[in-house]
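The values are calculated or read from the model by the stated rules, or taken from the named source; none is laboratory data. Note that the structure is a prediction, hence the values are computed from the model and not measured. Glycine gets a Cβ as well: all are built from the backbone with ideal geometry, and neighbour counts include every protein chain shown. The area values use the complete protein model at the heavy-atom level, side chains included, leaving out ligands, DNA and RNA. Shrake-Rupley method; radii C 1.70, N 1.55, O 1.52, S 1.80 Å.
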Amino acid sequence: MRTPDIYLRSIGVHLPPVVSIETAVAEGSYPADEREYFRLGGAAVAGDVPAPELALRAARHAFERSGGMSPRDLDLMLYADVWHQGPEGWQPQFYLQQYLVGGDVLAVELRHGCCGLFSALQLAAGYLRPGGTALLVGADNHGSPLVDRWRMMEGYVVGDAGCALLLTTDTGFAQLRSVNVTVLPEAEAVNDGGVPMFPPDATVGRPLDFASRHSEFRKRLLARDGAGVMLAIQSTLMGLVDRTLKEAGITLDEVARVAFPHGRWDNVEERVSWFGLTLADTTWEYGAGIGHLGVSDQFVALDHLLAGGALVPGDYVLLIGVGAGKTLACAVLRILDIPGHYASDGPG
């Protein structure tokens, strides 16, 4: 999807303090024998701060950086998440409407897995009219008796964060050149673990253990055409990136940095090798220090690149998402300017 008239006005981030891998090993939370191989640094842990509060703090941060935009001027707010946000029967966007944007803006919660903010970008780009503005928010606090953030997936640790993107149709520090989201339905069962769909996990206290669920899914694949599904994931992702780059009017050689989901280095290295890239071309090292943040990885990493001086005007950034479903996503941004606040206040 070409998006020539969509601009990123500001990014807001609320990243809780990081608990180091060393601390997790000392406390018996993280397997000591995995530390050397996976090279992870730690996870951002929000404690008892609710995910909607993380979202509110990130959204306020985005408006503080926006150069005068008002929450009351929004045309759309999309709230993306992957984990439970609060009381059952309650939706988290209401919290931001109560304390920030008011009730007149269309506000919707999106549940599209770890690619949720990419989906929000595509929906907002199709919704906004000239002069329109949108707030896209992603937030998760994975601290729960049903989640072991240190062992939920082999080679991953799970962090907490709030992230907010302010989009406009007129001006911003970056232009969204293209965004696409697709899904491979044949990999729909990748996260179901073969457990019943009813009653839902949370209602019976069934823990979320992606490590065992992914293993079970692979066994099911091997019992039939598993290789075909895995090759389809690779070819679909490569095709999606190629299409998104073409829509943006650039080649991969023109991309300055690539942001993948935060996770195990060998997984990222394999995927970047499909494109002739290396880990050094990505944001893996930063992500390894804060954990997989659900919907926010690539956008928190973008904020980090800007704050660290790794990007200059004219650079292109490629964002790649991989989630359950199997959902694949891709976006291209062109940096037009480096906002002055990055020189003074750094990342959120």
*Which net charge results for the neighbourhood of Trp274, defined as the other residues with beta-carbon distances under 14 angstrom from its beta-carbon, given Lys and Arg at +1 and Asp and Glu at -1?*
-4
*Jot down the per residue volume, in cubic angstrom and as a whole number, of the convex hull over the alpha-carbon atoms of the chain.*
132 Å³
*Can you list the HN-Hα couplings for the stretch 126-137, worked out from phi with the Karplus curve (6.51, -1.76, 1.60; θ = phi - 60°), rounded to whole Hz and with x for Gly and Pro?*
x, 8, 5, 10, x, x, x, 9, 9, 10, 10, 10
*Please work out how much length the chain gains when fully extended from Ala280 to Leu106, using 0.36 nm per residue of separation minus the C-alpha to C-alpha distance, in nm with one decimal.*
58.6 nm
*What is the gain in length, in nm to one decimal, between Ser29 and Met1 on full extension, counting 0.36 nm per residue of separation less the C-alpha to C-alpha distance?*
5.8 nm
_Report for the chain the percent antiparallel among DSSP-assigned beta bridges with both residues inside it, nearest 5._
70 percent
_Rounded if a/c under 1.5, otherwise prolate or oblate - the stretch 76-185, Cα gyration tensor axes_ = oblate
*Return the calculated 222 nm mean residue ellipticity for the chain, to the nearest 500 deg cm²/dmol, obtained by summing -39500 (n - 2.57) across DSSP H runs with n ≥ 4 and dividing by the residue count.*
-9000 deg cm²/dmol
*asked:* As a test of reading the structure, rank Lys326, Lys246 by solvent-accessible area (1.4 Å probe, protein chains only), most first.
replied: Lys246, Lys326
